[in-house]
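Shown next, in structure tokens, is the structure this report addresses.
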Amino acid sequence: MNESVPDAARNPADLPAHLRPFDATALGLYAAVVGAWGFSWIGLRMQLGVVAPEVSILWRFLIAGVVMWIWVLTTRQQIVFPLRMHAAFAVVGVTMFSFNFIMYYYGGMTIPSGLLAVAFSLAAISNPLMAALFLRQPIAPRVALGGVLGIVGVAALYWPEIAGSGFSVAAATGLVFCLIGTLSFSTGNIVSGMVGSRGVGLVPAITWSMTYSVVFLFGLNLARGHEFIIEPNLRYLGSLVFLAVISSVVAFASYIGLLRRIGPGRAGYATVMFPVAALSVSTIFEGYSWTWIAAFGAALALLGNLVVLRNPKTNA
């Protein structure tokens, strides 16, 4: 499949997102996403216990949404959009900022975190597949190859934990939850890309999407009869602020900016790299000991990263 950049479109801004070069700006956004999400697993673990997962996610995006509204209003960006755009914002809010998190919280109750990481890294495959289906973006062979390398690498990283956990009906159910969560995340990616292609600014789009996620989560918690409580200790509150500001505002602004810049197929590879970053964080803070198979997995993930993110060839 020809992925060369046409001679008539040497200006990167004139190219489709999936053919634009991976430049310094894209590298900065990619590093911000991987770094922020790499630390998010520690924060998520600190949230589990007293407060229902749906309520914790509600507080997270309520705080993040307030930060986004301050951002969009102080910078005087457009906030009025047609009704059809609000429908798209709502879809992104539910699929990308709400439902996928709920699925992973509940999936994580019955399967090991390693399997969580593998399930989420499948976005490296589901993103380009959905982009081909809904956005008519061809699947570049290198993106498919890199995605497979990355997923195999993540599986190798966590293999001792996965192999030693056994597998039950409860674990199978948890895995299904996570796979549904990954599809939800990829759906949000595609709709977010469509919103960007219609010229909607990054900050207003995220602001409205987070607003709709809060509305959805509030209604869901009411329907399920959950108590709207907060665990009053530094562990919970500190992790909540981190997840809201760094893992939501910074990470999602960077990720959606990256998605608009290089397309969902390549941007989705960040879901492969942040488990690698998470284990690196665990090495420092939790004394994680690397094995040869984990090192092999990290090397595969990095190789896949190079394959996916290298720039398309330019016609001479």
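We did not get these values from a lab; they are worked out from the coordinates using the rules stated. Note that the coordinates shown come from a computational prediction; the quantities given were computed from them, not determined experimentally. Cβ placement follows ideal geometry from the backbone for every residue including glycine, while neighbour counts extend to all protein chains displayed.
Shape of the range 106-151 from the C-alpha gyration tensor: oblate (a/c of 1.5 or more and a/b not above b/c, with a ≥ b ≥ c the square roots of its eigenvalues). Put simply, the chain fits an ellipsoid with semi-axes of 29, 27, 17 Å; these come from the alpha carbon gyration tensor as the roots of five times its eigenvalues, largest first. Taking other C-beta atoms within 10 angstrom as a stand-in for reagent exposure, Phe120, Phe228 fall in the order Phe228, Phe120, fewest first. Under a GNM of the chain (C-alpha, springs under 10 Å), which listed residue has the highest mean-square fluctuation: Ile284, Ile256, Ile102? In this elastic network of the chain, the residue with the biggest mean-square fluctuation among Ile284, Ile256, Ile102 is Ile284.
Which of Ser126, Ser289, Ser280, Ser98 comes first, and how do the rest follow, when ranked by fewest Cβ neighbours within 10 Å?
With the fewest neighbours first, Ser126, Ser289, Ser280, Ser98 line up as Ser289, Ser280, Ser126, Ser98.
What helices does the chain hold that run 27 Å or longer along their axis, going by alpha-carbon atoms, with a Kyte-Doolittle average of -1.0 or more, using DSSP H for the helix calls? TM-like helix candidates: 24-47, 53-74, 169-197, 202-224.
When Ser197, Ser213 are sorted by how many other C-beta atoms sit within 10 angstrom of their C-beta, beginning with the fewest, the order is Ser197, Ser213.
For the range 101-229, what does the relative contact order come out to in percent, with C-alpha contacts under 8 Å and a separation of six or more? Working shown, then result.
Working: 96 pairs, mean separation 47.9, N = 129.
After rounding, I find 37 percent.
Dividing the summed helix terms, -39500 (n - 2.57) for each DSSP H run of n ≥ 4, by the number of residues in the chain produces a 222 nm estimate of -23500 deg cm²/dmol to the nearest 500.
Positive-end ranking of Trp208, Leu29, Gly196 along the dipole of the range 22-309, with charges on Cβ about the Cα centre, is headed by Gly196.
The charge dipole of the chain, taken about the Cα centre with unit charges on the Cβ atoms of Lys, Arg (+1) and Asp, Glu (-1), comes to about 640 debye, rounded to the nearest 20. Please tell me the relative contact order of the chain in percent, rounded to the nearest whole number, where contacts are Cα pairs under 8 Å and at least six residues apart. For the chain, the relative contact order is 41 percent. Result for the chain in a Gaussian network model with C-alpha springs under 10 Å: among Asn233, Asn189, Asn305, the largest mean-square fluctuation is at Asn233.
With both labels modelled 7 Å from their Cα along Cα-to-Cβ, the Ile42 to Ala299 distance reads 2.8 nm. Full extension of the chain between Ala223 and Ser280 gives 16.6 nm of extra length, using 0.36 nm per residue less the Cα-Cα distance. Placing a pseudo-label 7 Å from each Cα along the Cα-to-Cβ vector at Ala170 and Trp71 gives an inter-label distance of 3.9 nm. When the chain is treated as a GNM with alpha-carbon contacts under 10 Å, the residue of Gln137, Gln78, Gln47 showing the greatest mean-square fluctuation is Gln78.
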